Amino acid sequence: MRIRPISPDLLVTELTGRLADAATRVASAAAGPARLRVAMDSAPAAGADELAAALVDPLRAQGHPVLHVRATDFLRPASLRFELGRTNPDSFYEAWVDEAGLRREVLDPAGPGGTGRLLPSLWDADADRASRARYVDLAPGGVVLVSGPLLLGGALPFDVTVHLELSPAALRRRTEPDQQWALPAFDRYAEEVVPASFADVVVRADDPRRPALVEPGGDD
């Protein structure tokens, strides 16, 4: 593998180009209306939510409607998430995100033959109730960016997957003290799922000021 350092601004520019090209290919190859479903996967410390947000305006400038959905807006109710306690890493790994809801309300409607009628958020975790968000229509040729942790281990139907990778040391260094309890979940994810081995785009994000793209060919 070849490691190519890149500035944060150029990373956004390059990802915008790749996703815009992919959205165009998907739209031209589909028999009917089509949209691009993108996973922006990382531990919170690596900033997938922030990177996804930074892609919205550049993609729109390329002519693609965009919806950014955060996995943290598709959590299961507290009674289910916290059944084994509020800081149980296995529960965080296996039971926090409502993958069925995310698929039903976002990924399937954005997929082949889908209506394009998407729900931006399902659950307000702070209030522990339905978010009462309104559905939005994502036009054909659009891009839905789904950002959050642990997205690539559940067979969710994404067209493009982007993984922001942190070394174990960087993950521990950059994770907030009150979130350190979740570290075993990310260790388990790295060992069981190995997202960097199959994601379409892998970004090494140990230093947010100096990301690097992992590319085929060359030496690691």
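Charges on Cβ only, +1 for Lys and Arg, -1 for Asp and Glu, centred on the Cα centroid of the chain; of Ala110, Val162, Ala199, which one is farthest towards the dipole's positive end?
Checked the options; the winner is Ala110.
Work out the length of the dipole vector of the range 131-181 about its Cα centre, built from +1 on the beta-carbon of each Lys and Arg and -1 on the beta-carbon of each Asp and Glu, and round it to the nearest 20 debye.
Details: 5 positive and 5 negative charges, 33 e Å.
Its charge dipole is roughly 160 debye.
Determine the per residue accessible area of the chain with all protein chains present and a 1.4 angstrom probe, expressed in square angstrom.
50
If you take the beta carbon distance between Ala155 and Leu183 as r and set R0 to 30 Å, what does 1/(1 + (r/R0)^6) give as a FRET efficiency, to the nearest 0.05?
After rounding to 0.05, the efficiency reads 0.80.
Based on the Cβ-Cβ distance from Arg129 to Arg209, what FRET efficiency comes out when R0 is 35 Å, to the nearest 0.05?
According to the calculation, E is roughly 0.35.
Could you give the dipole magnitude of the range 38-181 about its Cα centre, charging the beta-carbon of Lys and Arg +1 and that of Asp and Glu -1, in debye to the nearest 20?
140
To check you understand DSSP bridge types, tell me what percent of the beta bridges within the range 57-187 (both residues inside) are antiparallel, rounded to 5.
50
Against the 2.2 N^0.38 Å scaling, with N counting residues, where does the chain land? I'd like the Cα-based Rg ratio to two decimal places. Present the calculation step by step, with values, prior to reporting the outcome.
Values: Rg = 17.2 Å, N = 220, 2.2 N^0.38 = 17.1 Å.
Dividing the Cα radius of gyration by 2.2 N^0.38 Å gives 1.00.
Just report the Cα centroid separation between the range 103-153 and the range 18-40, whole Å.
Centre-to-centre distance over Cα atoms comes out at 16 Å.
If you take every residue apart from His163 with its C-beta less than 12 Å away from the C-beta of His163, what net charge results, scoring Lys and Arg +1 and Asp and Glu -1?
-2
In whole percent, how big is the carbon plus sulfur part of the accessible area of the chain, probe 1.4 Å, protein atoms only?
C and S atoms contribute 51 percent here.
Hey, for a label at Arg60 modelled as a point 7 Å past Cα toward Cβ, could you say which residues of the range 111-134 have their backbone N under 20 Å away?
Answer for the range 111-134: 116-121, 133-134.
Order of 8-17, 49-58 by packing, highest average Cβ count within 10 Å first?
Numbers: 8-17: 16.0, 49-58: 18.1.
So the order, starting with the most tightly packed, is 49-58, 8-17.
From the residues Pro65, Ala34, Leu84, which one has its Cα farthest along the dipole of the range 34-84 in the positive direction, the dipole being from +1 and -1 charges on Cβ of Lys/Arg and Asp/Glu about the Cα centre?
Positive-most Cα among the choices belongs to Ala34.
Counting each DSSP H run of 4 or more residues in the chain as -39500 (n - 2.57), what helix-only mean residue ellipticity at 222 nm follows after dividing by all residues, to the nearest 500 deg cm²/dmol?
-9000 deg cm²/dmol
The values are calculated or read from the model by the stated rules, or taken from the named source; none is laboratory data. All values derive from a computational prediction rather than experimental measurement. Here Cβ is always computed from backbone atoms with ideal geometry, including for glycine, and neighbour counts include all displayed protein chains. Note: accessible area is taken over every heavy atom of the protein model, side chains too, but ligands, DNA and RNA are not part of it. Shrake-Rupley method; radii C 1.70, N 1.55, O 1.52, S 1.80 Å.
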